[in-house]
Amino acid sequence: MKKEDSPKDVEAYTARGKILGLIGKFQEAIEYFNLSIELDPKRADTYSSRGAMYKKLGQYQRALEDFSKAIELDPKYTEAYIYRGDEYCILGDDQKAIEDYTRAIELDSTFAEAYMKRGYVYCMLDQYQKAIEDFDRAIELNPALTEVYSERGNVYKELGLYQETIKDLDRVVELNPNDVNAYNARARMHYDFDQYQKAIEDMNKVIELDPENAEAYSFRGELYRLCGQYQKAIEDLDRAIELDSDLNEAYWSRGMVYQKLGNQKKASEDIERVLKNCVPLDWPKE
């Protein structure tokens with residue numbers, strides 16, 4: 001540190017960087033963290049803060065380097081292991097991510113987020129039992145951690161455990177009644193097990209929360225088709241196509257409805273459009 005500089009300057013630069021980061025001025029924040037590091041290159045938290053800004057800018061290798069430097073300066077910096085583990089995940093190095101999350105757990109065995117993140121990596125590696133064990137532990141430590149229920153629900157879905165998946169998604173919407181993704185995931189789970197009316201109820205909520213969601217109208221239209229509610233199906237599918245004229249599932253479902261209604265001309269137009277595009281569909285069911 002230069003003679004004319006003082007610890008107060010370091011604190012001021014760091015504080016300024018954090019404020020700029022909070023309001024989305026990530027590059028400017030980095031410049032202030034640079035000044036702070038220039039004055040005091042031994043502060044682990046400054047490298048960690050700068051790494052977070054690099055991550056926001058999509059500069060993942062630089063973020064990884066800063067988190068590594070923070071750990072070098074403070075080997076017991078639990079959060080830095082979490083942050084670096086996240087970067088390893090983004091960069092595709094799952095094993096190193098697991099090692100960092102495990103080290104964070106060794107440093108703080110009550111860190112629910114560390115278990116959740118490690119469980120997520122295990123899930124990506126198809127190590128479902130290990131994933132469930134970590135998610136269970138995360139929930140035990142923090143029952144209000146909404147994201148972990150979603151992640152465990154995904155594992156249960158992969159294992160074909162319908163009731164367990166639904167139970168976790170129920171908990172997500174209980175904790176966050178405005179979670180569009182949870183309603184959508186639960187609707188698709190109900191669909192997979194032919195619970196169409198329950199799926200429609202969830203899609204009603206999705207559309208209420210996100211009224212410009214073309215895929216939501218398309219999926220609800222398909223559900224109405226499966227329930228034989230053809231007029232409602234047409235209305236939803238028309239709306240889906242109005243919002244997204246390239247949504248092949250909507251054309252296919254509408255073609256199937258027109259076929260049921262005996263309108264072969266319109267049915268052929270919609271179905272031929274999809275066949276011409278030669279794309280795989282998320283449905284239909286017969």
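Quick notes on this structure:
- Cut-off 15 Å (backbone N to label point 7 Å along Cα→Cβ of Leu159), residues of segment 123-148: 123-139
- Cut-off 9 Å between beta-carbons: net charge of the residues surrounding Gly85, Lys and Arg +1, Asp and Glu -1: +1
- Dipole of the chain, positive direction: furthest Cα of Ile71, Met124, Tyr217, with charges on the beta-carbon: Tyr217
- For the chain, adding -39500 (n - 2.57) for each run of n ≥ 4 DSSP H residues and dividing by the number of residues yields -24500 deg cm²/dmol at 222 nm.
- Fully extended contour minus Cα-Cα distance, from Asp45 to Lys276, at 0.36 nm per residue: 77.5 nm
- When the listed pairs Lys56/Lys130; Lys55/Lys157; Lys55/Lys130; Lys18/Lys56 are checked against a 24 Å cut-off, the alpha-carbon distance exceeds it for Lys56/Lys130; Lys55/Lys157; Lys55/Lys130.
- Between helix 196-209 and the chain: long-axis angle, C-alpha atoms, 0 to 90°, nearest 10: 50
- In terms of surrounding Cβ atoms within a 10 Å radius of their Cβ, Val10, Val257 rank from fewest to most as Val10, Val257.
- Helix axis angle, 248-260 relative to the chain longest principal axis, alpha carbon, degrees: 20
- The distance between label points at Ala15 and Asp136 comes to 4.7 nm (points 7 Å beyond Cα on the Cα→Cβ vector).
- Neighbours of Gly153, meaning other residues whose beta-carbon lies under 11 angstrom from its beta-carbon, give a summed charge of -1 when Lys and Arg score +1 and Asp and Glu score -1.
- For segment 162-176, Karplus couplings with θ = phi - 60° (6.51, -1.76, 1.60), whole Hz, Gly/Pro x: 4, 4, 5, 5, 4, 4, 5, 5, 4, 5, 4, 6, 5, 6, 9
- Separation of segment 209-243 from segment 69-95 is 44 Å, based on Cα centroids.
- Sites Lys25 and Ile90 - FRET efficiency at Förster radius 22 Å, r taken between beta-carbons, to 0.05: 0.50
- Sum of side-chain charges, Asn142 neighbourhood, beta-carbon under 14 Å (Lys, Arg +1; Asp, Glu -1): -3
- Order of Val173, Val155 under a 10 Å beta carbon neighbour criterion, fewest first: Val173, Val155
- Reach of Lys205 by Cα under 13 Å, taken over aspartates and glutamates that are not fewer than 8 positions away in the same chain: Asp179
Since every read-out is calculated from the coordinates, none of them should be taken as a lab result. These numbers were taken from a predicted model, which means no experiment stands behind them. Every residue, glycine as well, gets a Cβ built from its backbone with ideal geometry; the counts of neighbours run over all protein chains shown.
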